[in-house]
Amino acid sequence: MTEKRKYRRIKVSNLARLSNAECSLINISKEGLLLSDGKIKALPTGKEVDIQLKIKGSWVDLKAQVMWSLKDIATKAVSMGFFIISAPSEFTEFVANLYFEVNGK
């Protein structure tokens, strides 16, 4: 049985780092995020990683687990979905503000 997401993803366009390679944050929720770029390498499902997100001009550190990865053969871009294991309050506030902006509440 496939697990459903609890929280809706919100489209964003932020910088991120995965294994010291800059990439793009494509969407985000309270519990997960999607990174994509041609510079990152696909990682195995279940692997725990450190991710940095650029939030309000500062890098914020997260711990996350790879849920899936996909490589586009034509563009060589890699997309990976992550479950967030731990994140600081800066991340929680950032996501809460995004939900407020999108939902107006």
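The values are calculated or read from the model by the stated rules, or taken from the named source; none is laboratory data. Note that the structure is predicted; figures quoted are calculated from it, not measured. Heads up, the Cβs are rebuilt from the backbone with ideal geometry, glycines too, and the neighbour counts pull from every protein chain shown.
Here are the numbers:
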{"read-out": "Meets criteria (of a type in the set (A, V, I, L, M, F, W, C), at pLDDT 90 or above, surrounded by 16 or more Cβ atoms within 10 Å (Cβ to Cβ) and over 13 Å from the mean Cα position of the chain (by Cα)) for LEU53", "value": "no"}
{"read-out": "Which listed residue is within 29 Å of ASN103 (Cα to Cα) and crowded, with 16+ Cβ neighbours inside 10 Å, from ILE85, ILE28", "value": "ILE28"}
{"read-out": "Residue list for the stretch 26-43, restricted to those being in a loop (DSSP other than H, G, I, E, B) and among the small types (Gly, Ala, Ser)", "value": "SER29, GLY38, ALA42"}
{"read-out": "Subset of the stretch 88-105 [basic (Lys, Arg) and surrounded by 15 or more Cβ atoms within 10 Å (Cβ to Cβ)]", "value": "none"}
{"read-out": "Residue in the stretch 6-23 that is modelled with pLDDT of 85 or more, in a strand (DSSP E or B) and touching a Pro at 6+ places or on another chain (Cβ under 7 Å) present", "value": "no"}
{"read-out": "Given (1) outside any strand (DSSP E or B); (2) at pLDDT 90 or above; (3) touching a Cys at 6+ places or on another chain (Cβ under 7 Å), number of the condition GLU90 does not satisfy", "value": "(3)"}
{"read-out": "Test result for GLY46, loosely packed, with under 13 Cβ neighbours inside 10 Å and closer than 16 Å to SER13 by Cβ", "value": "no"}
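Residues checked against (1) of a type in the set (A, V, I, L, M); (2) farther than 22 Å from SER19 by Cβ; (3) in a loop (DSSP other than H, G, I, E, B):
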position: THR45; (1), (2), (3): no, no, yes
position: LEU53; (1), (2), (3): yes, no, no
position: LEU62; (1), (2), (3): yes, no, no
position: TRP68; (1), (2), (3): no, no, no
position: SER79; (1), (2), (3): no, no, no
position: PHE82; (1), (2), (3): no, no, no
position: ILE85; (1), (2), (3): yes, no, no
position: ALA96; (1), (2), (3): yes, yes, no
position: TYR99; (1), (2), (3): no, yes, no
